[in-house]
1. State whether the residues of the range 38-55 include one that is in contact with a strand residue (DSSP E or B) (Cβ under 6 Å, 6 or more places away or on another chain) and either on the phi > 0 side of the Ramachandran plot or open to solvent by 30 Å² or more (accessible area, probe 1.4 Å) (or both).
2. Please state which one of Gln97, Gln12 is open to solvent by less than 70 Å² (accessible area, probe 1.4 Å), under 12 Å from the mean Cα position of the chain (by Cα) and either modelled with pLDDT under 95 or at negative phi (or both).
3. Taking the residues in the range 110-120 that are open to solvent by 50 Å² or more (accessible area, probe 1.4 Å) and in a loop (DSSP other than H, G, I, E, B) as candidates, determine which candidate is modelled with the highest pLDDT.
4. State the number of residues belonging to the range 57-109 that are in a strand (DSSP E or B) and of a type in the set (Phe, Trp, Tyr).
5. Kindly indicate whether Trp127 is in contact with a Lys or Arg (Cβ under 6 Å, 6 or more places away or on another chain) and either open to solvent by 20 Å² or more (accessible area, probe 1.4 Å) or among the β-branched types (Val, Ile, Thr) (or both).
6. Pull out all pairs, ordered by first then second residue, where Cβ-Cβ is under 6 Å, the residues are six or more apart or on different chains, the first lies in the range 103-130 and is among the aromatic types (Phe, Trp, Tyr), and the second is open to solvent by 50 Å² or more (accessible area, probe 1.4 Å).
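The values are calculated or read from the model by the stated rules, or taken from the named source; none is laboratory data. Computed from a predicted model, the values in this text were never measured in an experiment. All Cβ positions, glycine included, derive from the backbone under ideal geometry; neighbour counts span all protein chains shown. Heavy atoms of the whole protein, side chains included, go into the accessibility calculation; ligands, DNA and RNA do not. Shrake-Rupley method; radii C 1.70, N 1.55, O 1.52, S 1.80 Å.
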Amino acid sequence: MNLLDENVRDDQRTLLRQWRIPFRQVGKEISHAGIHDDNLLPLLHRLKRVTLFTQDEDFFRARLCHRAYCLVWLNVKYIEVAAYIRRFLRHPQFRAQAQRMGNVVRVHPDSLHFWQAGKAGRVSVKWSEV
């Protein structure tokens with residue numbers, strides 16, 4: 001399941017729907033509005049195999065790696081969120097749900113940076129290397 005943090009704007013949700021990218025959003029279809037960040041991780045464990053897309057930098061921490069979910073920090077402009085979600089989901093290393101699980105990822109216009117559960121060190125990949 002693709003899960004959008006509540007900070008993703010409605011215009012970006014509309015684009016994702018137009019592109020037929022399935023998702024649910026915190027505060028709308030899942031949980032309640034204003035859920036505290038500390039309560040999101042237990043929610044991800046309950047939902048199983050979730051990829052959370054957020055613009056909250058606090059989720060880009062190696063210690064948050066867990067095989068039950070994927071965290072994606074979208075370090076892009078608000079109006080580019082949907083485009084980078086689509087780009088990320090098409091990336092060869094993250095295309096399948098199983099490939100995403102256990103990763104904590106930073107999506108940036110120039111590159112991807114990520115940690116993987118059970119592996120040491122952060123990996124960086126430029127979009128042009130794909």
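1. yes
2. The conditions single out Gln97.
3. Asp110
4. Total meeting the criteria: 2.
5. So Trp127 fails the test.
6. Within 6 Å, the pairs are Phe114/Val123; Trp115/Arg122.
Conditions (1) β-branched (Val, Ile, Thr); (2) at pLDDT below 95; (3) open to solvent by less than 50 Å² (accessible area, probe 1.4 Å), marked per residue:
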| residue | (1), (2), (3) |
| --- | --- |
| Arg63 | no, yes, no |
| Arg67 | no, yes, no |
| Val81 | yes, no, yes |
| Arg87 | no, no, no |
| Gln93 | no, yes, no |
